[in-house]
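Asks: One structure, pasted below without further comment.
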Amino acid sequence: MIFFLHLDPKRIFSAAMTVFAFAWCTSSVEAQDMHFTQYNAAPTSINPGYVGATGQARAVTLYRAQWASLPQAYTGFQIAYDRPTFDHNGGIGVLISHEEAGAGALRSSRAAFQYAYEFQLGPRTFIRPALQIGLVSRSVNLNALTFMDQLLRNDASTTLEQGLGTGKQYIDMGSGFLIVSRKSWFGLSADHLNTPNHSISHEYAEKLEMRLSAHGGGRMSLKRGPKAKHTKDIVFAFNYTNQGLFDQLDLGAYYDLNIMTVGVWYRGIPVIQHAADGSIDIDAVSFVFGFGNKMWRMGYSYDLTLSKLGIATSGGSHEISLKYLWDVRKKDGPPAYHPCVDY
């Protein structure tokens, strides 16, 4: 008896990608939080110490499409709201985030409450310790995934894989502090302090690694005064992130006007670290453009992939941000010294 087994190469590739995505999202070694290039548009996403730091109420939406050319691309968005407390001694905020992988089959959502208290260190220098607590929901739609055993069984409607759950909920905690002055800022933050079990599988536990971040920067004025129609500043910033075996360094510079911002970011640690395959750790160069006024800002960024994945394969990554600010401070209230870029 001769037995012929015909498998569609496209379906095999799709199955391999979905299995890879599932493994990526359930592995404690490889799983990391999605990284946003325009984190300065929603800074409370990396450090709760930023809540209320502008002295205004702020609402931000941020959307990212990562590796847009891949068939199972990762997408994510964040919605953030923060404002100073009524006594202006701190700030409160709410952060909502959502990520999808594997064409929407794997999902993770978080809603977190943030609080920061402000201490004055000098005439124009403040320190802002902060806490964050949230609820995370992770889920997988098994009907949207195709496993290899289904292909081998003539496109069976269900998989024989065992121990796969469809959802997981857990508490997630974080903290941080921010030192901010008129021309510079520096912050440290720790997310997933309680290293929660984020595994969807019923058969084993997977601890979500703590994410540590050090970030800061400074602003240098080029033109300001009564004769200057618009302010012109150069802003330098950095963000170093460590999560388990994963390290990442972002270095950026902006040319910032009060009506427009253009910037360039570099991502990678080429000197002291190599990629998993031994190559130089150069991830991407990002280009950022923003415009608006004192009340609203819109931004767009594009990540040009420089790693071995390549721009032809990945298609790069796109981000869009939209921010709206309004004044809630009393006229005789204390001034806010927030030097970060608004775009």
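Asks: At PHE119 and PHE238, where each label point lies 7 Å from the Cα along Cα→Cβ, what is the point-to-point distance in nanometres?
Replies: It is 2.6 nm.
Asks: If each residue's Cβ is checked for other Cβ atoms within 10 Å, how do THR61, THR37 rank with the fewest at the top?
Replies: THR61, THR37
Asks: Non-local amide H neighbours of GLY55 (under 5 Å, H modeled in plane, Pro and chain starts lacking H): which ones?
Replies: Amide H neighbours of GLY55: none.
Asks: Which FRET efficiency value, to the nearest 0.05, is calculated for ILE179 and TYR204 with the Förster distance at 35 angstrom and r the Cβ-Cβ distance?
Replies: Taking R0 as 35 Å, the efficiency between ILE179 and TYR204 is 0.30.
Asks: Now for a separate question. Contour minus end-to-end for ILE269 and THR61, with contour as 0.36 nm per residue of separation and end-to-end as the Cα-Cα distance?
Replies: Contour length minus Cα-Cα distance gives 72.0 nm.
Just so you know, all these numbers are worked out from the coordinates, no wet-lab data involved. All of these numbers come straight from a predicted model, not from anything done at the bench. Every residue, glycine among them, receives a Cβ derived from its backbone with ideal geometry; neighbour counts consider all protein chains shown.
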